[in-house]
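Take a look at the structure below.
Throughout, read-outs are computed from the coordinates displayed, never taken from laboratory work. Here the structure is a predicted model, which is why all the values come from computation and not from measurement. As a convention, Cβ positions derive from the backbone with ideal geometry for all residues, glycine included, and neighbour counts pool all protein chains shown.
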Amino acid sequence: MSSKDAGDIAMVTKAYEFTETAHKDQKRYSGDPYFVHTAEVGFLLATAGVDAQAVAAGLLHDTIEDAGVTPKAIEELCGKEVLKLVQGVTKLGALRYRGMERHTESLRKLFAATAQDIRVLIIKLMDRLHNARTLEHVPRDDKRKRIALETLEIYAPIADRLGMSVAKQELEDAAFPHAYPKEYEKTREAFTERKSENEKRLEKTEHDLKREFAEANLRNFRTEARLKGFYSLYKKLERKKWDFGTIYDMRALRVIFPTVAECYTALGIIHGHWRPVPGKIKDYIAFPKPNGYQSIHTTIYTGDGGALEIQLRTEDMHKEALYGIASHLAYKESQNNPTQTKSGGLEWMRQFLPRIGKAKDVPAPATVQSGKRSVAVPSWVKELAHAQHEPEKSDEYMDTLKSDFFSHRVFVFTPKGDVIDLPLAATPIDFAYAIHSDLGNKMSGALVNGKMVSLDTALRNGDMVEVITKPSAHPTRKWHDIAKTSMAKKHIRAALAAMKKT
């Protein structure tokens, strides 16, 4: 173990022991010691593989707000970097705002801190994840539902946009029963009715797939089943008007290879043996999602009257899909120290876990590495950090967050192949303004996949959109009614106001 690794372990150990003392007289709604929460947040961060400073900050994240610890004490304990992370996660201290105004200002503060260091948002997500897991202990129904709705509408979509699928699905499924109990029961019952049929289909397909791969001398891979989350299933069923015949991915078969070439070889073998469902082949390796997700998805007819989705990816893509941007925060395995990832990671956290009864639940170790790799903050975080907001318009600000940043997404392409990330049902008008306000203001028409379409056309995943402009073109009030994003509506209102003045 290097001296740097030893220093990181010592720092996290100090943070752990300091936090345990700071919260010693506090209890959770469940009756558990409050310290259980902070330890779990540290554990979740370690699992995601972030650096030691972020793990220490996760352990300390509530000490200023809830235990009366001074910023100076944290700085002396773990340094300025950890203090900045803790302060970034801490909510507003002064009672300058109340209710919705206080809530939106806390979010703005969070995004402003995140624009400086993406680890702030990852710590906040893991904090919310553990709180969502324990929602049943929140005593008041209205508060429990408010937290659950906020988790579904804000925090789970943030995890999705950061590419952290593990956090996204667990946040959704922990909050779903408390936000929409009737819809949860309906979805759970519908899933249970089809559980046995789906399991048998997946098992048979997996067996046949391994045989086909072996005959083609493709042997270096592993498989796992992917179960769709209940909330994700519910949202899809809502979009499909509860037609289960159109849902092919309640369970999916995931196949993980060492190389990209083997993924494409496997795709050829699969399509040589099973007939693919038209329109259900998605190559996110060639065209990654904006959050970095890469994988090949294909849905095949299984020959028993049903269909099954198969996902093909490499080990690196799999890690990225699970932990997203967090997977970039740790250093890659050092060529000079090839055993680093084997001796690091969660091993040093294991000594603490028996105290909170979680030692048996530790997954395969991720790696908590020394230092922090430089990771670019996503542009949408910077937009949120610099968004103008008047406290008296808090409801409008929240609506903008939900519609422009945290709604169900579609991914469309420019003629040059650039990916534009838009909310569901976005139109060519939204596309144009997402690129530049001047392009939107001079738009006279749009081509989607080479064909002229009306400006109120809802864009779909994979569409290639080309904006046609004219010098004499200008926005109209109808455009404002058609547009889905607050950004497009804002630019249209500004253009219309400017036209009135001339």
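Between D418 and A214, the simple label model (points 7 Å from Cα in the Cβ direction) yields a spacing of 5.0 nm.
Calculated FRET efficiency, R146 to A494, Cβ-Cβ distance, R0 = 30 Å: about 0.30 to the nearest 0.05. Each Lys or Arg adds one and each Asp or Glu takes one away; over the other residues whose Cβ falls under 9 Å from the Cβ of P177, this sums to -2.
At q = 0.12, 0.16 Å⁻¹, work out log10 I(q)/I(0) for the stretch 182-319 with the Debye formula, treating every Cα as an identical point scatterer and leaving solvent out; two decimals please. Result of the Debye calculation: -0.49, -0.86. Modelled spin-label separation between H474 and K195, with each label point placed 7 Å from Cα along the Cα-to-Cβ direction: 6.2 nm. Modelled this way, with points 7 Å down the Cα-to-C-beta line, the labels at E238 and K182 are 1.4 nm from one another.
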